[in-house]
1. Scan chain A and note any complete DSSP helix (H) whose C-alpha atoms cover at least 30 Å along its axis and whose Kyte-Doolittle average is 1.0 or more.
2. Distance cut-off 20 Å, Cα to Cα: go down the list A:320/B:184; A:243/A:320; A:217/B:214 and report the pairs above it.
3. Enter the Cα centre distance for the pair segment A:149-224 and segment A:268-321, rounded to the nearest angstrom.
4. Roughly how many whole Å is it from the C-alpha centroid of segment B:127-160 to that of segment B:170-203?
5. Points 7 angstrom from Cα along the Cβ direction at residue B:207 and residue B:59: gap in nanometres?
6. Note down the nm distance, to one decimal, between modelled labels 7 Å out along Cα→Cβ at residue B:43 and at residue A:213.
7. Just to be sure I understand the curve: with the Debye formula and one point per C-alpha of segment A:83-321, what is log10 I(q)/I(0) at q = 0.08, 0.16 Å⁻¹?
8. Neighbouring Cβ atoms within 10 Å as the yardstick, rank B:126, A:131 fewest first.
Amino acid sequence: MYAVDTPPQKTAEPARPEPRRVNRVRRRSQRDARTAWLLSLPTLLILAALLAYPLYRMIVLSFQNMRLRELITGLTPPWVGLDQYTKALTDGVFWGVVARTAAFTVVSVTISVLLGLGIALLMRRVHSKVRLFMMIAMMFVWALPALVAAQAFRWLTDSDFGVLNYLIDKIPGVDFANHSWFVNPWEGWAVITTLVVWAGIPFLAISLSAGLTQVPKELLEAATVDGASAWQSLRNITLPILKPLLTIVTTLSVIWNFGLFTQNWALRDGHPEPVYQTLATFSYTQAFGQSRYSYGSAISVITVLLMLGVMAFYIRQMFKIGEVD
Amino acid sequence: MTTTDVTAAPAVPRPLARQKREKREFGALNGLAHLALLGWAIATAGPLIWVILASFKSNTEIFLGKPFALPSSFSFATYADAWTEANIGQYFLNSVFVVAIGTAGTMLFGSMAAYVLARYEFRGNRFLYYLFVSGLAFPTFMAITPLFFILKNLGLINTFTGLILVYIAYSLPFTVFFLAAFFKSLPHEIDEAATVDGASHTRKFFQIMMPMAKSGLISITIFNIVGQWNQYLLPVAIMQGAGADSKWVLTQGIANISVQAGYHAEWSTLFAALTLTILPMIVVYAIFQRQIQAGLTAGAVK
């Protein structure tokens, strides 16, 4: 980048007439700017039309009251000001969903990141053939659509024919035949969390183990020679070097898990009971199931604000890291 | 670990016994590492193997109560059933079509934007970068309602064009974020030399930057293929209306069989369909095998 805007002639040919050079540089940078905007244009247009504009529409919609009638007739829905927001914010059910989604996000992200990091670290210790095998196995899990993984887990935990009950039932003295995993919400959420963690670890472990290759071996060796324990090396050498990547993958995991939809949706057969609702399914059910499009939008807006509020610092960090050269 | 001993020995002379003990500790730790990874490997592969085995079994075999027993015969009849009778073949091809064009579009637009954002200083650079990347902080499901109305107004509901455009839009933020960082890390000297030699922008981009960025481009391509192959909520919201079921993608087809399986009891068809979803990944892996392995083992060589 520096090469383009600071011309190499500056020091090499000081004898060159000043005005002409400035002129040429300016013309070139103008042409560069035009090319740059031209090449960014498709991305700009697509994102403006399909991400930014829907976001704007969503905000507008949340101040209206759009029901099935307006959807069919195409009439402008009546403006209701902040009604949808007060309705959501004074609704105990909504806050229950918020608390549930937040708790799930914290628990699932913590477990996934810790296990992902652990597996990435362990993989440094094993033979490269074993590592390659692990990587390939994890790539397949990572590539498995969330819906497919959820279907597999749904049948694994099936009360009548599931493998899980079959295996647990084998333990002497335990009767798990026909045990239903979703009657007790704690057990149900344990299954959902296991599924999300299981499917989430491969991405974390693969990215983090790529990041671990950036940790200079000499540094770790020097630390070992100086008598640092494995824990000290991890804390004082590996983790600081890994920190930018950890911030990125953790932030992404929070964004993904906070938007949990497919897994609880599929495990509960498209009709999640109230205790299995997350903000995503709740907003979707309100909008499309109950035709309360505006209420669903208000919930979405509140969700985005909540997440941005909590994550602002990390998202900023993440953007900054992306900028570092 | 061997290098540790070699480099450490001359610098810090230590009693042999201590070195030996350390080595044994490392051995034990490595043993534990292998054991823990074995556990994780079983946890990773277990459900996959169970699904694949079940896809070859008849209904009675699935429910016989021996989940990890081999099927009595390996016949692909269930796959044929899934492919034709459950329309999975149609949905599979739809998915391939949408993902192929979606990923190609994402890579084309994303790499162009990331390249100029990373390598050109121009007015509005930061603005564009933050605008593009802020899409990352935006959970997919959020704008489903308005997205539906916008596509409806554009006449793009229930069309592949609409779905592909939406896939591209949702994939672009991460692609630009990742590739911009990648393009920035590439050396400037070659680029400069090309400029001095009078190479055009297009030429510089396709003949110099693209080959240099190959590993990054392949990684993000795979990431996008997987991400778009994975989509369920977006196609459900967009592919609806009259005759939509002929345009469904694979995940929708699977959800449909799954709902029907409850009534018609065609579980092996479901498992065959589930197995089929992994097929493209095997193809992608076969195509990029060399690059993926190089990328994955890069650390080992270092």
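Taken together, the values in this text are just the output of simple stated rules run on the coordinates, not laboratory data. As the structure is a computational prediction, the values presented were derived from the model and not from experiment. Note: ideal-geometry Cβ built from the backbone for every residue, glycine included; neighbour counts use all protein chains shown.
1. The answer, listed by residue number, is A:92-125, A:185-212, A:293-323.
2. Working: A:320/B:184 13 Å; A:243/A:320 13 Å; A:217/B:214 26 Å.
Where the Cα-Cα span goes over 20 Å, the pairs concerned are A:217/B:214.
3. 25 Å
4. Rounded to whole Å, the Cα centres lie 27 Å apart.
5. Here the answer is 6.5 nm between the modelled labels.
6. 2.5 nm
7. Summing over Cα pairs of segment A:83-321 leads to -0.40, -1.19.
8. On the way: B:126 10, A:131 20.
Least to most surrounded, the residues fall as B:126, A:131.
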